[in-house]
Amino acid sequence: MRAFRTKFIAAAVAMSTALAVGIWSPAAAGPEPDVAPTSSKSQVPDLTAPAQGSHPDASRYVRQNPGAVPPGVNDFSCLPSPTRPRPVVLLHGTDSTAYSDFAALGPRLSAAGYCVFALNYGGRDGEANYGTEDIRNSAAQVAEFVKQVRTATHSEHVDIVGYSQGATVGRYFINKLGGAQVVGHWVGLASPSYGSSLYGLVTVAGQVPGAMDEAVTILPKELVSTALWQQAQGSAFLDDLNNPSDTVPGVKYVTIASLVDEVIQPPSNVALRDPAATNLVLQEICPGDLTGHFRMPYDDVAIRLVMAALDPQSGSIGECVDVPLGAGVLDMVIAENS
């Protein structure tokens, strides 16, 4: 996905510059202003495209082919089997699309016998990417999409796999919009469950009265989308989502984190705090796999962990493969800015 991506980093730089020159005035303090729900667009992608082996390749492809969907995804004639009774709904991240984030995982799940579906949600008019607008609206769009999937597949329940912001969108649907009645498993891959500190800048800004309140009006909109600020550590949105509990009964929650996540800082913010949730850390399972945030949905071990979370009876996740620190990050930056 583009989960925060270079725009997230640019927002951090812009915030640090603003703090340094003192452009924020001493208004009322607060970690992050809540925002009124705004309109946004969604899309069911239907342009079948090839699977991809890397995030940068998927990002490049979808920029040239808007509306692309991975092979095996969004086949509304698919009917679940007795061994794969719940369709899987994939939810992409910030400033991204279903294809960019799931051109590897989607085909893998389909090949394993799942009916797989994905929605592009939370888009801004005039923009090609999605996942930038109010997460509450995005969750409502997902709720409608889940109804469509359940009707087409004659299924009572679905499973949800969310990558970065997609995990939060899915959890809002489950926890706040009644989705727990129709969801069996929720899997959060690199989930910003308790937000990101923007490399410590959110913490710093919290010490400057009114800093976060003014950020949305001072910084360019393309750097500070509603969805991005809602995922900042200490945001009003996350505080509401995680209280009185970050889970609700009836759903199995699994998070998959990386200790070297370039975006979710600190990486412990991925974990849910309800004892009933299962929190996995990639490096505790495969110490040599130093995959970070941007590579997570294309890392073979992370993909196998997702599949094991959906089907705990599937057995061992297989061999570990070493991945060097920072693998794919430079190529991702180039792909996003080419």
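Values in this text are rule-based calculations from the coordinates and carry no lab data. Because the structure is a prediction, the values reported are computed rather than measured. Glycine also receives a Cβ, built like all others from the backbone with ideal geometry; neighbour counts cover every protein chain displayed.
What separates the Cα centres of region 307-338 and region 70-126 is a distance of 17 Å. Remark: region 102-119, residue by residue, has Karplus-estimated 3J(HN,Hα) of 10, 6, 10, 5, x, x, 5, 5, 4, 5, 7, x, 7, 7, 10, 9, 8, 10 Hz, where x stands for each Gly or Pro and the curve is 6.51 cos²θ - 1.76 cosθ + 1.60 at θ = phi - 60°. From least to most packed, judged by other beta carbons within 10 angstrom and beginning with the fewest, THR83, THR247 follow the order THR83, THR247.
Across region 310-321, computed HN-Hα scalar couplings (Karplus, 6.51 cos²θ - 1.76 cosθ + 1.60, θ = phi - 60°) run 6, 9, x, 8, 6, x, 4, 7, x, 6, 8, 10 Hz from first to last residue, x flagging Gly and Pro.
Ranked highest first by the average count of other Cβ atoms within 10 Å around their residues, in what order do 274-280, 146-152, 108-114 fall? If you can, show how the numbers build up before the last one.
Details: 274-280: 14.6, 146-152: 16.6, 108-114: 18.6.
Averaged packing, sorted descending, gives the order 108-114, 146-152, 274-280.
Quick one: dipole size for region 267-322, taken about the Cα centre, charges +1 on Lys/Arg Cβ and -1 on Asp/Glu Cβ, in debye to the nearest 20.
Working: 3 positive and 8 negative charges, 39 e Å.
Dipole about the Cα centre, nearest 20: 180 debye.
Phi-derived couplings, Karplus 6.51 cos²θ - 1.76 cosθ + 1.60 at θ = phi - 60°, listed residue by residue for region 327-336: 4, x, 5, 4, 4, 5, 4, 5, 4, 6 Hz, with x used for Gly and Pro.
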